[in-house]
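Input: a single structure, listed below in structure tokens.
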Amino acid sequence: MHSSLNWTSRMISRALRSSFSTLLETATGGGGAAATKGAVKSASGSAGEAAAGSQRPRFVSVVCGFAKDNLRHKYKPGKYGEDSWFKASTEQADVMGVADGVGGWRSYGIDPGEFSSFLMRTCERLVQCSHFNPQRPVNLLAYSYCELMEQKKPILGSSTACVLILNRETSTVHTANIGDSGFIVVRQGQVVHKSEEQQHYFNTPFQLSLPPPGHGPNVLSDSPESADTMSFPVRNGDVILIATDGVFDNVPEDLMLQVLSEVEGEQDPVKLQMTANSLALMARTLSLNSEFLSPFALSARRNNIQARGGKPDDITVVLATVAM
């Protein structure tokens, strides 16, 4: 089984690399420059912080989350259950990302968290490589996916993913989102940018996949090239949330906006952490409320499915403000 899968995945990976090499060369012009269970994982401003007196932007960012099943999932750095996340910095850019392993694979004896974790760890490492392009987050997803496909020991499963890069030279954010994780940007009490959810049909998001042999025709598998990409300028004080669907499926946007607006311009990581904690706990509490008419339940009703209550899920919140 493993030898068949290795041969198939490497062939697909080579084809992907061939496709992405053209994309990368066009975009880079030759390359870029050089908590306990359900607990908090925090961080202050980026390591590649600009020199004193400079107006180059940076992220002040924090993280919080909960595993859906605290008994099954022990805390591991960069993970909340089957969700994974990363943050990285260079002199050029600050980068954040989340990924959500598709839980259905567990019934096949496959750990959905391994796929999402590999993607995020590889993205984090590739940010430090010489060919990193701060304008192309889709490249991080593409090459991380290629590396996953080439592993000698197959990493099976599927995952959604969202990666966001702050190009510090241009004060521009570039995003790539595949599936139903996503981001939202708040400025002056309003949502000024947000990702669009990608769904094949209700509750079936776009996803990167590597199925077991024989399951390929029955498994959805989208190319990194299908990711929805955006670019937009940011201002001092902007609030940026990047999160998995455990947040967006349970917290209404107006309530989310109210919480995020309270930390516009905030550069104290302790205060940001308190807000991230509150938002993650809010998502967790609402997900377990069987009477709450959640965004997920409303979406189900729009698809003629009678539903009520929250959607229990892993929850990951990466919260940042732009500081100049």
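Name, by its number, the condition in (1) open to solvent by 30 Å² or more (accessible area, probe 1.4 Å); (2) more than 26 Å from G81 (Cβ to Cβ); (3) of a type in the set (A, V, I, L, M) that does not hold for L293.
Tallying (1) open to solvent by 30 Å² or more (accessible area, probe 1.4 Å); (2) more than 26 Å from G81 (Cβ to Cβ); (3) of a type in the set (A, V, I, L, M), L293 fails exactly one: (2).
All but one of (1) touching a His at 6+ places or on another chain (Cβ under 9 Å); (2) within 27 Å of Q128 (Cβ to Cβ); (3) in a loop (DSSP other than H, G, I, E, B) hold for L220, so report the exception by its number.
(2)
Could you look through region 243-267, keep only residues that are assigned to a helix (DSSP H, G or I) and among the small types (G, A, S), and pick out the one that is surrounded by the most Cβ atoms within 10 Å (Cβ to Cβ)? Reasoning before the result, please.
Filtering region 243-267 down to residues assigned to a helix (DSSP H, G or I) leaves 245-248, 253-261.
If we keep only those that are among the small types (G, A, S) as well, we get 246, 261.
On the way: G246: 31, S261: 15.
Among those residues, the one meeting the criterion is G246.
With the requirement that a residue be open to solvent by 50 Å² or more (accessible area, probe 1.4 Å) and either hydroxyl-bearing (S, T, Y) or outside any loop (DSSP other than H, G, I, E, B) (or both), what does region 278-290 give you?
Here is the first cut: in region 278-290, the ones open to solvent by 50 Å² or more (accessible area, probe 1.4 Å) are 278, 281, 285, 288-290.
Hits for region 278-290 are S278, L281, T285, S290.
List every residue pair whose Cβ atoms lie under 9 Å apart, where the two residues are 6 or more positions apart in sequence or sit on different chains, the first residue falls within region 301-324 and is loosely packed, with under 14 Cβ neighbours inside 10 Å, and the second residue, located anywhere, is assigned to a strand (DSSP E or B).
Close Cβ pairs (under 9 Å, with a partner that is assigned to a strand (DSSP E or B)) amount to R301/L293; N303/Y201.
Among the residues of region 207-242, how many are open to solvent by less than 40 Å² (accessible area, probe 1.4 Å) and farther than 24 Å from I155 by Cβ?
Number of matching residues: 7.
With respect to G179, determine if the residue is crowded, with 24+ Cβ neighbours inside 10 Å, under 15 Å from the mean Cα position of the chain (by Cα) and of a type outside the set (A, V, I, L, M). Quick ask: steps written out before the conclusion?
On the way: crowded, with 24+ Cβ neighbours inside 10 Å: yes; under 15 Å from the mean Cα position of the chain (by Cα): yes; of a type outside the set (A, V, I, L, M): yes.
In short, yes.
Does F66 meet the test of being farther than 21 Å from T229 by Cα, of a type in the set (A, V, I, L, M, F, W, C), at pLDDT 95 or above and crowded, with 24+ Cβ neighbours inside 10 Å?
On the way: farther than 21 Å from T229 by Cα: yes; of a type in the set (A, V, I, L, M, F, W, C): yes; at pLDDT 95 or above: yes; crowded, with 24+ Cβ neighbours inside 10 Å: yes.
Answer is yes for this residue.
Just one of the numbered conditions (1) surrounded by fewer than 24 Cβ atoms within 10 Å (Cβ to Cβ); (2) within 18 Å of the chain's Cα centre (by Cα); (3) not in a loop (DSSP other than H, G, I, E, B) is not true of E196; which one?
(3)
May I ask you to verify whether V270 is more than 17 Å from the chain's Cα centre (by Cα), crowded, with 18+ Cβ neighbours inside 10 Å and either over 24 Å from E82 (Cα atoms) or modelled with pLDDT of 95 or more (or both)? Give the steps one after another, and end with the answer.
Values: more than 17 Å from the chain's Cα centre (by Cα): yes; crowded, with 18+ Cβ neighbours inside 10 Å: no; either over 24 Å from E82 (Cα atoms) or modelled with pLDDT of 95 or more (or both): yes.
So V270 does not fit the description; no.
The values are calculated or read from the model by the stated rules, or taken from the named source; none is laboratory data. None of these values were measured; they are calculated from a predicted model. Glycine gets a Cβ as well: all are built from the backbone with ideal geometry, and neighbour counts include every protein chain shown. Only protein heavy atoms, including side chains, enter the accessible area calculation; ligands, DNA and RNA are left aside. Shrake-Rupley method; radii C 1.70, N 1.55, O 1.52, S 1.80 Å.
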